[in-house]
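Scroll down for the structure; my scribbles are underneath it.
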Amino acid sequence: MHAATVRKLLVRGMIAGLLAGLMAFAVAYVLGEPSVRSSIALEEAEAAPAAGHGQHGGGDAAAAPAPAEEEEELVSRPVQSTFGLATGTLVYGVALGGIASLAFSFALNRIGRFSPRATAALTAAGVFTTVYLVPFLKYPATPPAVGNPDTIGKRTTLFFLMILLSVLLGLGAVIVGRRLAPRLGNWNATVVAGLGFAAAVTLAFVFLPSNGDAVRESFPAALLWEFRMASLTVQAVLWVAFALIFGALAARVLETRPTAADGSPAAEPVAASAA
């Protein structure tokens, strides 16, 4: 594919990611923020008795200087739940939209004779599955302030390791499927590659350690379920919206490429195609 076409697709992928991020922000604010607020309120309610006990203790504790007032937050909760959430969602959408557009440029006409819209949908589904869904199934999202703060670094490392493994296994499945297609046919090769991907992911789930301390046992199960379903819904909305928007934008770019005299797409220079 010509470098200029890839550049146009990259720009449109980032635009589609921005618009999809706006939709995801709306869903996150409506569905996700209530469970986040409830989680923070629960943490504050549990911390209040301990603080009160420390302040009313006798002996040396009474003679000790009064504790400083609670440190003021640099960013208030209303700002975090609106501008902060919007900024994070939009940046995330633009970044992954750009990455997905590059993946689309590579996949077009390499995974089958699909239209640009169908290729965009398959690309979005692949990115959603490898970057979010598979890691989510192993290390599901948790509300703030529900786990052991001493293990945040370990849990973050495990989560990104699962993303890396999932992406590599997904790329491996695509390569295996392409190599098997001439012998088995596209459908059978896709099924075999998909089963291989599922088996490899299952092994990763078994051997990677779990996050046993990610959620306190006393945390309400219903609130945890609500937060995780909201998180999954936000991601699904983001990638469905991206697939629809970017598919339409990509189709317009590819349908307006220069044509030869007979009406067929003009051949691209060999050097550019190789690049």
With a point put 7 Å past each Cα toward its Cβ, work out how far residue 187 is from residue 199 in nm, to one decimal.
2.2 nm
Full-extension gain in nm, residue 215 to residue 22, via 0.36 nm per residue minus C-alpha separation
66.5 nm
Taking R0 as 25 Å, what's the FRET efficiency between residue 83 and residue 229 from their Cβ-Cβ distance, rounded to 0.05?
0.50
If each residue of separation counts as 0.36 nm, what is the full-extension length gain between residue 40 and residue 118 once their alpha-carbon separation is subtracted?
23.9 nm
Residue-normalised accessible area of segment 137-240, given per residue in Å² at a 1.4 Å probe:
60 Å²
Cα shape, segment 155-247, gyration tensor, a/c 1.5 rule:
oblate
Distance from a point 7 Å along Cα→Cβ of residue 248 to each backbone N in segment 1-44: keep the residues under 17 Å and list them by number.
12-24
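The values are calculated or read from the model by the stated rules, or taken from the named source; none is laboratory data. Since the model is a prediction, treat every value here as computed from it, not as a measurement. Here the Cβ is made from the backbone with ideal geometry for all residues, glycine too, and neighbour counts use every protein chain on show. Heavy atoms of the whole protein, side chains included, go into the accessibility calculation; ligands, DNA and RNA do not. Shrake-Rupley method; radii C 1.70, N 1.55, O 1.52, S 1.80 Å.
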